[in-house]
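S.K.: The structure is given below, and queries will be raised subsequently.
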Amino acid sequence: MTSARLVTGSPVFKPERALFDRFDFGRHAVFSYARHGFIQLFRYLRARRDGHPGRLLFPNYMCHEVTGALRNCGFEIDFYPVDENFDIQVPELGAKLSDSGRDLLACVVFQPYGHVGRDLDEVQKLCDGQGVQVVEDCAHVPFPHVLESGLRPRWRVYTLRKTYPLPYGAAVTWAGSAGRFEDFSAGLPANRGGALRFLLRWVLREQIKRAVLASSIPVTRKYVDLSLDPLKEFDRPSRLLSAFLARSDVETVVQSRRRNLDAYRKLAPLFARWAQPFGFAPGVDIPYQYLLVLRQGFRPEEVAGGLLKLGVPAVTGLAIEDQVLMSLPPEHAFRRLVALPIHQDLSSSHFEKIEEALNVFNADLA
Ligand SMILES: Cc1ncc(COP(=O)(O)O)c(C=O)c1O
């Protein structure tokens, strides 16, 4: 798997005191990609338990680029099931935890598409009972959001590039005094050039996205800024960080995403024929994308492709592992997902364009 060769990223930045103070986090480190953060974190956890086999439990709805990269670094991956609302199937997770026992290094929980998981305190208790670390994958929530739930995991992994207009960047945060940054970051492998390929791919993707957006939706200001010279932004963590620090008011981000969720709700009749919107909980979830579960007979690639042609940057759901996909019935919701942008930078004019595009899409279907 190509992504597996690209996992040599080291931290791009050693945290400054100012950052800790600003975000009120005990500790954090910034990485190029979230998967690099995961790898270094799990290496660190494994090193603390000499000779540990390093088995990790992930939710079965998880991008294979993450699990593939970890496997490639010698970790064993097992999955626990989440239901069609992405809520953890707690009894099944409990059984996995008991079966794996001492072989288990960590259990990853996540907030897919900004849907805040239920029963997280129960999960924390189960993991505590087995001496398993809980790591929260915050790839789809804005940094440095901390859930108002019973879950108090020591470790959180964020992807900055997914939620902010950055080409590059992820953060691992940890609470408490026992995790020493020195231990965590020591002996990291050198970056062996995978970054250049990433950069080229990113530039290409951004240009395509820009062309699509420019064709019918006004691009957001930050994307325009960055795309003027993306090379300058690359691998210069302080520039990247200042770009997002300037807009790091997490409450504003949360509010504008929830407001955008409402904007999509008003468009609901335009989806009705071919999709059922995912049931985000208003005021609780922080949508990362507006998620649609297609009705039977509609194919995600075709719907996303059709919308893309009309200028709406639609994508299909996460690329989950083949072994997980094979275990799901053909009509399972995870095979029928399409996601629309809900980014905090979307303005009312974007929504007008989206509405326009949906009208054309529906007319074409008729
Ligand atoms: C749920 C989830 N976790 C983690 C990641 C990894 O993020 P990154 O691409 O920054 O490694 C992704 C994205 O691929 C993701 O969707």
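S.K.: Residues that are within 16 Å of the ligand (Cβ to nearest atom) and of a type outside the set (S, T, N, Q): does the range 122-132 have at least one?
M.R.: no
S.K.: What number goes with the only condition from (1) closer than 27 Å to Val116 by Cα; (2) modelled with pLDDT under 95; (3) more than 12 Å from the ligand (Cβ to nearest atom) that Arg5 does not pass?
M.R.: So Arg5 meets the others, but not (1).
S.K.: Collect the residues in the range 36-51 that are of a type in the set (Lys, Arg) and in a helix (DSSP H, G or I), keeping them in residue-number order.
M.R.: Arg43, Arg46, Arg48
S.K.: If you go through the range 38-74, how many residues are within 16 Å of the ligand (Cβ to nearest atom), of a type in the set (Phe, Trp, Tyr) and within 17 Å of Pro153 (Cβ to Cβ)?
M.R.: Residues flagged as within 16 Å of the ligand (Cβ to nearest atom), of a type in the set (Phe, Trp, Tyr) and within 17 Å of Pro153 (Cβ to Cβ) within the range 38-74 amount to 3.
S.K.: Going through the range 78-104 one residue at a time, which ones are in contact with a Lys or Arg (Cβ under 7 Å, 6 or more places away or on another chain) and surrounded by fewer than 19 Cβ atoms within 10 Å (Cβ to Cβ)?
M.R.: Asp78, Asp87, Asp103
S.K.: Scan the range 271-282 residue by residue and report those that are in a loop (DSSP other than H, G, I, E, B), under 19 Å from Val360 (Cβ atoms) and among the aromatic types (Phe, Trp, Tyr).
M.R.: Trp274
S.K.: Select, from Val135, Val157, Val116, Val146, the only residue that is away from the ligand (no atom under 16 Å from the Cβ), modelled with pLDDT under 95 and within 16 Å of the chain's Cα centre (by Cα).
M.R.: Going through Val135, Val157, Val116, Val146 in turn, the sole match is Val146.
S.K.: Taking the conditions exactly as written (within 14 Å of the ligand (Cβ to nearest atom) and in contact (Cβ under 8 Å) with a residue 40 or more places away in the chain), does Phe86 satisfy them or not?
M.R.: no
S.K.: Here's another thing I want to ask about it. Could you identify the single residue in Leu325, Leu318, Leu346 that is surrounded by 16 or more Cβ atoms within 10 Å (Cβ to Cβ), outside the structural domain of Pro81 (by TED's automatic domain parsing) and within 16 Å of the ligand (Cβ to nearest atom)?
M.R.: Leu318
The values are calculated or read from the model by the stated rules, or taken from the named source; none is laboratory data. What you are looking at is a predicted structure, and each value in this text was computed from that prediction instead of being measured. Note: ideal-geometry Cβ built from the backbone for every residue, glycine included; neighbour counts use all protein chains shown.
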